[in-house]
Amino acid sequence: VKNYRHLDQSRNSIARQCGEDVLGLTQPNSILLVSGDGFAFPLIYLQKVEHLRTDTTVVALPTLLGAWYAQQLREQHPDLVIPFDRYDRATKNLEALVAANPGRTIALAGTLGEDQSLNVDYWPCQQGLLTVIMPKSRDRDLQTVLSENEQLLSRCHPPAPGTARMNTFEADIISLYEFPFLRLGDLCQRAGWKDQAQTWYERGLAINPQFSQAREALARLEH
């Protein structure tokens, strides 16, 4: 009883808001690859229970390591082609999955981890909280990418600094909101746009003042 006020999460909407933000940025009829439990669970809940954005096929990448999950996805999403029984990051990897689903937008929420199979023929295009997997033949200029992300990220609702419990799955959610600013800042830095890079890094720090990668990137700009 003494600790209930600290344990009560009935007014905590961080996970729900994250799920709504991600689905709100997902293009129609997309395949959405998700790598973190903290934002996979809200997405699955919103789809299965509240039937939000059921046009999107959510694929939880870690679970795809199990053959049962590939079979379940085939049964639930007949329009999704999975060209293997068990994802293994070697030959039965994301490159094979992307190639088997031409014509559909494939986006990622989170990181790819050890799977580097897309590096040869594809590049990661930041679109708000998501990374869209683009063929290298479809290049885009930096200013267009920045302008689009400015508009997309303005539609997102990151938790106020200090409100997320960083010893829980909410740390995954914070990373989903902060890392786009780091990636966009890195693009600007590589292009020699130091002022723009600084602005993007600082915006990432505004979401999470403890965002060490953004602090390190700012330090590199000063040298």
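The values are calculated or read from the model by the stated rules, or taken from the named source; none is laboratory data. Bear in mind that the values here come from a model prediction, so they are computed numbers and not experimental data. Cβ placement follows ideal geometry from the backbone for every residue including glycine, while neighbour counts extend to all protein chains displayed. Only protein heavy atoms, including side chains, enter the accessible area calculation; ligands, DNA and RNA are left aside. Shrake-Rupley method; radii C 1.70, N 1.55, O 1.52, S 1.80 Å.
Listing for the model above:
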quantity	calculated
Size of electric dipole in the chain: Cβ of Lys, Arg +1 and of Asp, Glu -1, about Cα centre, debye, nearest 20	320
Interatomic Cα distance distribution for the range 76-146, bins of 10 angstrom, percent	18, 50, 27, 5, 0
Accessible surface, the range 113-223, averaged per residue in Å² (probe 1.4 Å)	54
Stokes-Einstein translational diffusion, the range 11-70 - Kirkwood Rh over all Cα pairs, 1.002 mPa s, 20 °C, in µm²/s	181
Lys, Arg +1 and Asp, Glu -1 on Cβ, resulting dipole of the range 95-162 about Cα centre, debye, nearest 20	220
20 °C / 1.002 mPa s Stokes-Einstein diffusion coefficient of the range 109-223, Kirkwood radius on C-alpha pairs, µm²/s	143
Relative contact order computed over the range 60-196 (Cα-Cα under 8 Å; 6+ residues apart), in percent	15
Arg104 - accessible surface, heavy atoms, 1.4 Å probe, Å² rounded to 10	40
Extreme residue, positive dipole direction of the range 39-180, given options Asn93, Met166, Trp123 (C-beta unit charges)	Asn93
Cα pair distances of the range 49-184 binned at 5 Å [whole percent]	2, 8, 16, 19, 20, 17, 12, 6, 1
Backbone HN-Hα couplings from phi across the range 174-191 [Karplus 6.51/-1.76/1.60, Hz, Gly and Pro as x]	4, 4, 5, 7, 8, 5, x, 5, 5, 5, 5, x, 5, 4, 5, 5, 5, 7
Segment Ser13-Asp88, extension gain: residue separation times 0.36 nm, minus the distance between their alpha carbons	23.5 nm
Estimated distance in nm for a label pair at Leu80 and Ser147, the labels positioned 7 Å out from Cα along Cα-to-Cβ	3.5
Compactness of the range 106-149 as Cα Rg over 2.2 N^0.38 Å, two decimals	1.16
Links that overshoot a 29 Å alpha carbon limit, given the list Lys48/Lys92; Lys92/Lys136; Lys92/Lys194	Lys92/Lys194
Rounded accessible area of Thr199 (nearest 10 Å², 1.4 Å probe)	70
Antiparallel bridge percentage (DSSP; both residues within the chain; nearest 5)	50
Cβ-defined net charge surrounding Thr57, 15 Å radius [Lys, Arg +1; Asp, Glu -1]	+1
